[in-house]
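Enquirer: One structure is given below, represented as structure tokens, and several questions about it will come after.
The values are calculated or read from the model by the stated rules, or taken from the named source; none is laboratory data. It should be emphasised that the depicted structure is a prediction, and the values quoted were computed from it without experimental measurement. Quick reminder, even Gly has a Cβ in these numbers, built from the backbone with ideal geometry, and neighbours come from all protein chains shown. What goes into the accessible areas is simple: the full protein's heavy atoms, side chains included, and nothing from ligands, DNA or RNA. Shrake-Rupley method; radii C 1.70, N 1.55, O 1.52, S 1.80 Å.
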Amino acid sequence: MPSPSESSRPSTPSASNNNHPAKKRKVAPPLPSPSPAPSDSNANTANVVLPARHDLFSRPRLTISRFPTFPDTPGVIHHITEQLAMNRIGFRYVPAGVAPPGSAFPCRTIESAPPCFRVSWEDRSAFVKVTPDGLGLLGERGFRSARCNAPVREGAWYMEVCIECGGGDRPPDLPDANMCEGSHVRLGWARREAPLNGPVGLDGYSYGYRDKTGDKVTLSRPRSYGQPFRTGDVIGMYIFLPARRKPDPSDPHDPAHPKRERIAIEFKGQEYFESLEYPQSKEMIKLMEFSTKASSSVPLPSVPPNKKASGAKSLPERKGPGVETPVLRPLPELKGSHIAFFVNGECQSIAFRDLYDYLPLPTTPASRKKDKENSKKRAKEGAPREHKENPFDDGTLGYYPFISLFNYARVRINPGPDFDFPPPPDIEGFLRSSSGEDVKPSSQHTWRPMCERYPEFMQGQWDLDAREEEEAKVEAALWAEREKAEVAKKTQKELRRQQNAAKKRAREAELRGASVHAASPLRETSIAEDGSAAVIDDRFGPSVSSLLTPTLPASEDIDQAHSPAPTATSSVDYHHIPDTESGYNSEALEGMGEGDVEQEGDMEIEDGGETLNMPVVDIDLSDLI
């Protein structure tokens with residue numbers, strides 16, 4: 001397998017100031033875009049989103065993460081891990097590996113070494129040092145915490161924690177001799193929303209047990225519980241959660257639906273899944289406000305309401321809008337759930353009952369509408385992919401073993417199956433009988449060691465990978481069908497457009513033909529001597545015969561054909577039509593001199609031997625035309 005230096009790639013490009021034209025060479029693939037999560041100011045390499053799928057073929061396909069690495073320092077047991085992406089600023093990280101060819105996603109979930117139940121490399125404070133096996137922890141300075149790498153989601157589970165230094169004792173190799181307070185330890189169970197920079201029991205997301213007083217604490221409210229513990233003691237941690245409820249198929253917004261929101265990134269040569277941490281709800285934050293908070297401060301003297309202070313100006317009173325009280329959603333509980341602790345095998349009874357449900361609170365219609373509008377706005381602006389809060393169960397929700405250390409306190413985790421102080425086989429029956437119930441404990445094991453929880457948790461994550469892969473393939477097939485239907489729709493639309501264009505061109509051609517025919521010269525038909533019809537062109541204006549038709553009698557042997565409409569010119573030559581010659585003697589007119597004057601009178605026309613006297617009208621041919 002190639003070394004990390006050989007298989008990793010730089011996540012930030014080296015800038016080049018050379019402005020001269022370079023020789024032709026192969027174009028490098030596009031550089032990955034930066035991760036949406038903020039990076040540390042002192043980090044040399046920033047997180048980057050992994051490039052396209054085809055750029056990952058050169059990467060090795062790992063099943064175990066490369067990191068963390070531990071320095072080889074003689075005599076040092078606890079180390080600060082290097083080359084590691086740690087949860088911070090509301091973001092969390094899970095090791096990822098390149099998926100096999102043909103996968104719908106570029107990466108898949110992988111494990112970290114050693115692949116067993118231990119403290120989480122990524123899900124702990126940077127001030128908590130660990131041993132290479134992930135079971136030994138050392139806290140520096142103030143309270144800092146660490147979560148283990150597998151949560152409890154249902155059932156009964158047990159583990160032990162050995163206190164190597166705590167209970168107020170000062171370690172012999174304390175680096176700061178001026179420290180007044182000794183080392184302290186708090187142990188308990190916490191959800192994903194519990195902060196790592198504080199002790200267990202700080203808020204309602206965690207339930208803890210204090211070494212100094214033996215108090216139980218949640219919401220930062222200590223209550224008397226059991227005996228204190230110190231260096232050398234072994235604390236047993238027991239939790240019982242009822243069976244997980246099934247998601248409501250009729251409610252798409254049910255938080256119990258499995259769904260993950262994460263982005264594959266590269267950090268210092270290692271692939272990770274980056275996602276937003278589940279935020280704390282305002283309902284849980286409201287629980288931190290003490291309802292019985294006593295005020296020991298003396299109030300300052302105030303001016304009576306009807307008396308103005310000296311020198312005060314008369315200003316109009318402003319009445320601001322009333323502050324709307326936010327509607328708080330109810331906090332569901334896991335009925336029947338409880339937590340108990342053991343000290344050196346001695347049960348301290350049940351510490352907490354009816355724990356809060358680890359599922360996120362259901363979203364409101366107003367918040368969903370706002371998220372939808374923001375998504376549409378970002379899509380319209382062409383913004384890059386952005387992290388979104390996940391209102392559903394991503395498979396990592398539950399109650400984690402949570403260890404808080406103060407002033408160089410040291411502990412060691414024992415997830416089983418072999419314990420220093422094995423608990424009763426039936427812890428549930430033992431707890432019920434200890435509380436006064438008439439229950440006889442069973443001899444069969446009713447709980448499981450936490451070492452068995454890790455393989456179940458990882459199998460659940462891989463099942464989600466397979467489910468997302470199948471859903472992505474189905475979505476890709478549906479998308480291909482939609483694309484095919486869209487292409488067919490566009491083809492039909494283009495065909496209809498072409499057909500409509502062809503019809504439009506045909507109608508325009510028909511209209512042009514009709515207009516040309518209407519504007520073309522009209523023709524008249526005459527009867528030739530042989531009885532055949534002759535088409536007479538009418539392009540030279542109206543004929544004389546058509547103008548004289550009302551006054552000239554037509555011959556019985558001639559059928560005159562008139563134009564259906566008045567025309568500008570006529571082509572009828574009446575000199576070639578038999579029996580229609582006029583009896584008017586034009587020669588007499590031609591023989592008239594300049595001094596002669598035309599006389600108006602009657603014109604004699606012979607018709608069948610009879611002489612007809614027709615009035616002579618002096619008409620100029622140009623006037624007729």
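Enquirer: Of all strands (runs of 3 or more DSSP E) completely enclosed by region 60-133, which ones contain at least 3 residues that are aliphatic (A, V, I, L, M) and under 30 Å from residue 475 (Cα atoms)?
Expert: Those strands (runs of 3 or more DSSP E) span 91-98.
Enquirer: For region 464-482, give me the residue count where each residue is open to solvent by less than 80 Å² (accessible area, probe 1.4 Å), at pLDDT below 95 and farther than 13 Å from residue 104 by Cα.
Expert: Of the residues in region 464-482, 1 are open to solvent by less than 80 Å² (accessible area, probe 1.4 Å), at pLDDT below 95 and farther than 13 Å from residue 104 by Cα.
Enquirer: Okay, next question. So which residues in region 249-279 are open to solvent by 20 Å² or more (accessible area, probe 1.4 Å), outside any strand (DSSP E or B) and on the phi < 0 side of the Ramachandran plot?
Expert: Result: 249, 250, 251, 252, 253, 257, 259, 260, 261, 262, 277, 279.
Enquirer: Looking at residue 370, is it of a type in the set (D, E, K, R), open to solvent by 40 Å² or more (accessible area, probe 1.4 Å), free of Cβ contacts under 8 Å to residues at least 60 places away in the same chain and in a helix (DSSP H, G or I)?
Expert: Judged against the criteria, residue 370 is a match.
Enquirer: Now, a different point. Can residue 105 be described as over 28 Å from residue 452 (Cα atoms) and in contact with a helix residue (DSSP H, G or I) (Cβ under 8 Å, 6 or more places away or on another chain)?
Expert: yes
Enquirer: Okay, next question. Report, ordered by the first and then the second residue, all pairs with beta carbons closer than 7 Å, sequence separation of six or more or different chains, a first member in region 234-248 that is farther than 16 Å from residue 209 by Cβ, and a second member that is open to solvent by 80 Å² or more (accessible area, probe 1.4 Å).
Expert: Going by the 7 Å Cβ cut-off, the qualifying pairs are 242/335.
Enquirer: Something else: Given (1) in contact with a Phe, Trp or Tyr (Cβ under 7 Å, 6 or more places away or on another chain); (2) closer than 30 Å to residue 89 by Cβ; (3) open to solvent by less than 40 Å² (accessible area, probe 1.4 Å), identify the lone condition not met by residue 226.
Expert: (2)
Enquirer: Now for a separate question. So residue 401 passes all but one of these: (1) over 23 Å from residue 287 (Cα atoms); (2) open to solvent by less than 70 Å² (accessible area, probe 1.4 Å). Which condition number does it fail?
Expert: Every condition holds for residue 401 apart from (1).
Enquirer: Please verify whether residue 243 is modelled with pLDDT of 95 or more, more than 30 Å from residue 409 (Cα to Cα) and over 25 Å from the mean Cα position of the chain (by Cα), treating the condition exactly as stated.
Expert: Considered against the rule, which asks whether it is modelled with pLDDT of 95 or more, more than 30 Å from residue 409 (Cα to Cα) and over 25 Å from the mean Cα position of the chain (by Cα), residue 243 comes out as yes.
Enquirer: Would you say residue 182 is buried (at least 17 other Cβ atoms within 10 Å of the Cβ) and in contact with a Gly (Cβ under 7 Å, 6 or more places away or on another chain)?
Expert: Answer is yes for this residue.
Enquirer: Somewhere in region 321-337, is a residue among the polar types (S, T, N, Q), at pLDDT 50 or above and open to solvent by less than 90 Å² (accessible area, probe 1.4 Å)?
Expert: Taking every residue of region 321-337 in turn, at least one turns out to be among the polar types (S, T, N, Q), at pLDDT 50 or above and open to solvent by less than 90 Å² (accessible area, probe 1.4 Å).
Enquirer: Could I ask something else about it? Taking region 116-131 on its own, how many of its residues are at pLDDT below 95 and open to solvent by 50 Å² or more (accessible area, probe 1.4 Å)?
Expert: Residues meeting the conditions: 2.
Enquirer: I would also like to ask the following. Checking the conditions here, which among 185, 152 is modelled with pLDDT of 95 or more, under 48 Å from the mean Cα position of the chain (by Cα) and within 23 Å of residue 397 (Cα to Cα)? Show your work before the answer.
Expert: Numbers: 185 fails: within 23 Å of residue 397 (Cα to Cα).
Result of the check over 185, 152: 152.
Enquirer: Moving on. Among the residues in region 447-459, are any over 41 Å from the mean Cα position of the chain (by Cα) and open to solvent by less than 80 Å² (accessible area, probe 1.4 Å)?
Expert: Initially, region 447-459 is screened for residues over 41 Å from the mean Cα position of the chain (by Cα), giving 447.
Subsequent filtering for residues that are open to solvent by less than 80 Å² (accessible area, probe 1.4 Å) retains 447.
Yes, there is a match, as at least one residue in region 447-459 is over 41 Å from the mean Cα position of the chain (by Cα) and open to solvent by less than 80 Å² (accessible area, probe 1.4 Å).
Enquirer: On to the next question. If we keep just the residues of region 343-360 that are without any contact (Cβ under 8 Å) to a residue 60 or more places away in the chain and assigned to a loop (DSSP other than H, G, I, E, B), which is least open to solvent (accessible area, probe 1.4 Å)?
Expert: Here the answer is 357.
Enquirer: Conditions first: (1) open to solvent by 20 Å² or more (accessible area, probe 1.4 Å); (2) touching a Lys or Arg at 6+ places or on another chain (Cβ under 9 Å); (3) aromatic (Phe, Trp, Tyr); (4) not in a helix (DSSP H, G or I). Residue 421 passes all but one, so which condition is the exception?
Expert: With respect to (1) open to solvent by 20 Å² or more (accessible area, probe 1.4 Å); (2) touching a Lys or Arg at 6+ places or on another chain (Cβ under 9 Å); (3) aromatic (Phe, Trp, Tyr); (4) not in a helix (DSSP H, G or I), residue 421 is out only on (2).
Enquirer: I need the full set of residues from region 134-156 which are part of a loop (DSSP other than H, G, I, E, B) and closer than 24 Å to residue 69 by Cα, in order please.
Expert: If the condition is that a residue be part of a loop (DSSP other than H, G, I, E, B) and closer than 24 Å to residue 69 by Cα, then 134, 135, 140, 141, 149, 150 are the ones that fit.
Enquirer: Let me ask something else about it. Which numbered condition trips up residue 216, out of (1) open to solvent by less than 30 Å² (accessible area, probe 1.4 Å); (2) in contact (Cβ under 8 Å) with a residue 60 or more places away in the chain?
Expert: Exception for residue 216: condition (1).
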